[in-house]
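Visitor: To start, I am sharing the structure in question, which I have written as structure tokens.
What follows draws every value from the coordinates through simple rules; no lab data is involved. Nothing here was measured: the structure is a model prediction, and the numbers come from that model. Please note: Cβ atoms are built from the backbone with ideal geometry, for glycine as well, and neighbour counts cover all protein chains shown.
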Amino acid sequence: MRRLIIAGNWKMNKTVAEAIDMANGLNRNFPDDPGLDIVVCPAYTALSETGNILQDSVIGLGAQDMYWQDSGAFTGEISPLMLKELGVKFVVIGHSERRQFFGETNESVNKKVKAAVKHGFIPIMCVGEKLEERKSGKTFDVIKEHIELGLEGLVIEAPENIVIAYEPVWAIGTGVNAAPAQAQEAHFYIRKLLTEIFDGAFAQSIRIQYGGSVKPENTEELMRQEDVDGALVGGAGLDLNSFTEIIKKAQKVARV
Ligand code: PEP
């Protein structure tokens, strides 16, 4: 049984003070084991303070990116060792905004995923097609390339040690989510690809989140899809009430 994982990607939002408010609010709303995994991914500047508040809570701390080297002359980058020191457990890697605006490639994603696993983080590796790729029938080709190149040569000991996020780019921040059946179709395909890379039973246990305009109104139906194991939430994860609602809707279908 795959435990659902709901992660909020705060992107370039929230000052430290705002992040502290949100973290305190989440602690208040979810004092005990919610029956699923909750993760928040603040901006780097708010990681430390947010991590302090979430320490000993049921809410995990995630980063939005990470460089693959431990240290060195890489101006502007953040290393795995720096994140580890702050209690980070999850790292989003290969988000479409990084691919689109900051030159992230399947090769750099692969290096980051490997470095994340090596340092004991759980990478949340994002994959997904753009609108024109879907329109021209290339959805599955793009997903295949993202998965195969992103995971190339990766050795992981347990299926819990990685999370895949299917995030169709056309659904991110647009208010138009993938229909639950569309999400399931893509997730089923991703799991098939994972079966070819890892052992079948192992692949069955890897969690695949859906991301793209998740909101309280569509959470339950999306989470009911067989191969949808959680959500990566952008916009609707910034507000305490709506993120809390999303988690509560997911709790209705939580499997473990
Ligand atoms: C995201 O950026 O990962 C995302 C899914 O954003 P939104 O929920 O705003 O579509």
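Visitor: To the nearest Å, what is the center-to-center distance of the range 133-198 and the range 37-75, using C-alpha atoms only?
Guide: Rounded to whole Å, the Cα centres lie 24 Å apart.
Visitor: Something else now. Given Cα pairs under 8 Å that are at least 6 residues apart, what percent is the relative contact order of the range 1-75?
Guide: Contact order relative to length: 36 percent.
Visitor: Hey, another quick one. Semi-axes, largest first, in whole Å: what does sqrt of 5 times each Cα gyration tensor eigenvalue give for the range 96-170?
Guide: Equivalent ellipsoid semi-axes, largest first: 23, 13, 10 Å.
Visitor: For THR219, what charge total do you get from the other residues with a beta carbon under 10 Å from its beta carbon, if Lys and Arg give +1 and Asp and Glu give -1?
Guide: Around THR219, the surrounding residues sum to +1.
Visitor: Now a separate question. Once Rh for the range 174-232 is found with the Kirkwood sum over Cα pairs, what is the Stokes-Einstein diffusion coefficient at 20 °C and 1.002 mPa s, in µm²/s?
Guide: Using the Kirkwood radius from Cα pairs, D works out to 183 µm²/s.
Visitor: Which pairs in the list LYS89/LYS252; LYS89/LYS138; LYS11/LYS114; LYS89/LYS248 are over 27 Å apart, alpha-carbon to alpha-carbon?
Guide: Long pairs (Cα-Cα over 27 Å): LYS89/LYS138.
Visitor: What value does the chain have for Rg/Rh, both radii from Cα atoms and Rh as Kirkwood defines it?
Guide: Radius of gyration relative to Kirkwood radius: 0.93.
Visitor: Something else now. What is the local net charge at ILE93, summed over the other residues whose Cβ is closer than 9 Å to its Cβ (Lys, Arg +1; Asp, Glu -1)?
Guide: 0
Visitor: Here's a follow-up. Provide Rg and Dmax in Å for the range 48-127, with only Cα atoms included in the calculation.
Guide: 12.5, 36
Visitor: Given 20 °C and 1.002 mPa s, compute D for the range 135-256 with the Stokes-Einstein relation, Rh being the Kirkwood radius over Cα pairs; round to the nearest whole µm²/s.
Guide: 144
Visitor: Another question about this same structure. How big is the range 31-92 in terms of Cα radius of gyration and Dmax, in angstroms?
Guide: Rg and Dmax of the range 31-92, Cα atoms, are 12.5, 43 Å.
Visitor: Please report ASP229, ASP21 as a ranked list, fewest other C-beta atoms within 10 angstrom at the top and most at the bottom.
Guide: So the ranking, lowest neighbour count to highest, is ASP21, ASP229.
Visitor: Please compute the net charge surrounding GLN204, taking Lys and Arg as +1 and Asp and Glu as -1 over other residues with Cβ under 12 Å from its Cβ.
Guide: Combined, the nearby Lys, Arg, Asp and Glu give 0.
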